[in-house]
Amino acid sequence: MNTYKKFIPCIYLKNKKAVAGFRDETIVSEDPVSLAQTYGENNADELLVFDLSEGDEDHEQALDVIKDICKKAHIPVTGAGNVKRMEDIKKLLYAGCAKAVLNYSKEGNVEITKEVSQKFGKEKIAACIVQASEIETNAPILEEYVSEVILLGEKTIKQAMEISGIPLIVTLPEVSLDKIIELLSFPVICGVTGPAINANVKELTDIKDLCAGNGVLVHTFEPQIKWEELKVNSEGLVPVVVQDYKTQEVLMLAYMNKAAYLHTLKSGQMTYYSRSRKEQWIKGETSGHFQYVKEMQADCDKDTILAKVEQIGAACHTGNYSCFFHEIMKKEYEETNPLMVFETVLGIIKDRKLHPKEGSYTNYLFDKGIDKILKKLGEEATEIVIAAKNPNANEVKYEIADFLYHMMVLMVEKGVTWEEITDELDKR
């Protein structure tokens, strides 16, 4: 069973809008992507998205919205709805969903459970069930191939708890906080979702505090180092060096007082103390360029904090991504950060496409089109195989470099970024 109990708001997606429920098409948000961001900003643990589209064209449009939701929500997204075959599971996962859901009300979904679980991994597959009796009927396949069950029928929760051998996420209507705490105290229940969570999303942090106070393990940013253990400067502040958690680029230097420190830990959003304005401020509150904390560390003297964050937009008020852009001096050196090298080369290839240069081999490939790019990519892949039979590893190195270059030409041609590639690799 999961260690931490999860609070999971849900979005019912219909005609690219968020509606009130499966049978209630009242529009609750014209912009489901912004709604997803709101859920993420309010300390939800995950997000459940039901695709209620009808027809292939509507389904493809819904997948585009789900892809945007996965990018902007900043919490894991589980995708559900319109699953008929393995390809539909693949589309949800490729859109960025951490999990995809099989609807056990459809017999075909039960039949493909083993296949999709073995293909994508049990941890990426959930099952959606209306009645507890379906858990008992399908117990062997659920326990072997599914990571969790999303129970839609709230009237059968008690029965489901008695028979389920895998973690349950239960759907709740408007219920009391006491009832939520009571349900989460049972080991088999790993999370709660539904209208009760949607309606109280802005109070999630406080609800989690109450759960923790009642012995329910919930995910909060509980510090291992208390504020009192940190060494403050003469103003009662601690400097914070802020770093991009993916690229390790230093973004800015700011300061925290105790209130900002505690608010950062509680909300998951970087919060600082402004020495000039003499007030606490949440980074991005006015610009929308929020920083979501991934990790915080103190240095050896505990007088400086290093914060690794997910940066939305630019960190600097000037519009630069990082505040550190005024060059003082620079020695020539070779960049050794692989991601930075890849980003630089990809940037040059993008520039060639936008600003063609006479005699450029890259422009030759773009001019010839996708078939030529693919032909060269295939040739370079074959060259790697041939080179690998040679005892000299240098040859393999050269051929892999050639392959990666042509692969990046394809990436530019298809509009794929390194961030998307690394995100996908990270999920795997």
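Sparse packing (at most 10 other Cβ atoms within 10 Å of the Cβ) combined with a DSSP loop state is found for the following GluC sites (Glu not before Pro) in the range 288-395: Glu327, Glu332, Glu334, Glu335, Glu358. Candidate cross-link partners of Lys208 among the aspartates and glutamates, defined by an alpha-carbon separation under 19 Å and a same-chain spacing of 8 or more, comprise Glu41, Asp45, Glu46, Glu174, Asp178, Glu182, Glu222. With 0.36 nm allotted per residue and the present C-alpha distance subtracted, the Glu295-Leu410 stretch has 38.0 nm of extension available. Among the protein heavy atoms, those of Phe120 account for about 30 Å² of accessible surface (1.4 Å probe, every chain in place). Between Val130 and Asp56, the modelled label-to-label distance comes to 2.8 nm, taking each label 7 Å out from Cα in the direction of the beta carbon. Distance between the pseudo-spin-label points of His326 and Ala314 (7 Å out from Cα toward the beta carbon): 1.6 nm.
Note on the range 379-428: dipole from Cβ charges, positive end direction compared against Ile386, Leu425, Tyr405; the farthest Cα belongs to Ile386. Counting only whole DSSP H helices of the chain, the ones at least 15 Å long by C-alpha along their axis and with mean Kyte-Doolittle hydropathy no lower than 0.5 are 338-354.
Once the piece of chain linking Ile370 and Asp64 is laid out straight, how much longer is it, given 0.36 nm per residue of separation minus the C-alpha distance between them?
Result for the pair: 107.8 nm of gain on full extension.
Estimated at the nearest 10 Å², the accessible area of Ile225 is 40 Å² with a 1.4 Å probe. Here the range 1-158 is treated as a Stokes sphere of Kirkwood radius computed over C-alpha pairs; at 20 °C and 1.002 mPa s its diffusion coefficient rounds to 136 µm²/s. Extension gain for Ser360 to Thr382 (0.36 nm times residue separation, less C-alpha to C-alpha distance): 5.5 nm. Computed 3J(HN,Hα) for the range 151-156, one whole-Hz value per residue from the Karplus formula 6.51 cos²θ - 1.76 cosθ + 1.60 where θ = phi - 60°, is 8, 7, x, 5, 6, 10, glycine and proline marked x.
Spacing of the modelled spin labels on Thr220 and Ser34, each 7 Å from Cα toward Cβ, amounts to 3.2 nm.
Which part of the range 92-106 falls in the paramagnetic zone of Lys72, meaning amide N under 19 Å from the point 7 Å along Cα-to-beta-carbon? In the range 92-106, the label zone of Lys72 (backbone N under 19 Å from the point 7 Å along Cα→Cβ) covers 95-98. Computed with a 1.4 Å probe on the full set of protein chains, the accessible area for Thr286 sits at about 140 Å². Put a plus charge on the Cβ of each Lys and Arg, a minus charge on the Cβ of each Asp and Glu, and nothing anywhere else: the dipole of the chain about its Cα centre is then about 400 debye.
Within the chain, Cys10, Cys70, Cys97, Cys128, Cys190, Cys211, Cys300 have no other Cys Cβ under 4.7 Å of their Cβ and so lack a disulfide-compatible partner by this rule. Derived scalar couplings between HN and Hα for the range 231-245 equal 9, 8, 7, 5, 9, x, 10, 10, x, 10, 8, 10, 10, 5, 5 Hz in order, rounded to whole Hz, by the Karplus curve 6.51 cos²θ - 1.76 cosθ + 1.60 (θ = phi - 60°), x for Gly and Pro. When the Cα atoms of the chain are aligned to their principal axes, the ranges along those axes come out at 70, 64, 46 Å in descending order.
Take the Cα of Phe22, step 7 Å along the line toward its Cβ, and report every residue of the range 30-53 whose backbone nitrogen sits under 16 Å from that point. Answer for this model: 48-53.
The values are calculated or read from the model by the stated rules, or taken from the named source; none is laboratory data. All values derive from a computational prediction rather than experimental measurement. Counting neighbours? That spans all protein chains shown, and the Cβs are built from the backbone with ideal geometry, glycine included. Keep in mind that these areas ignore ligands, DNA and RNA; they rest on the heavy atoms of the full protein, side chains included. Shrake-Rupley method; radii C 1.70, N 1.55, O 1.52, S 1.80 Å.
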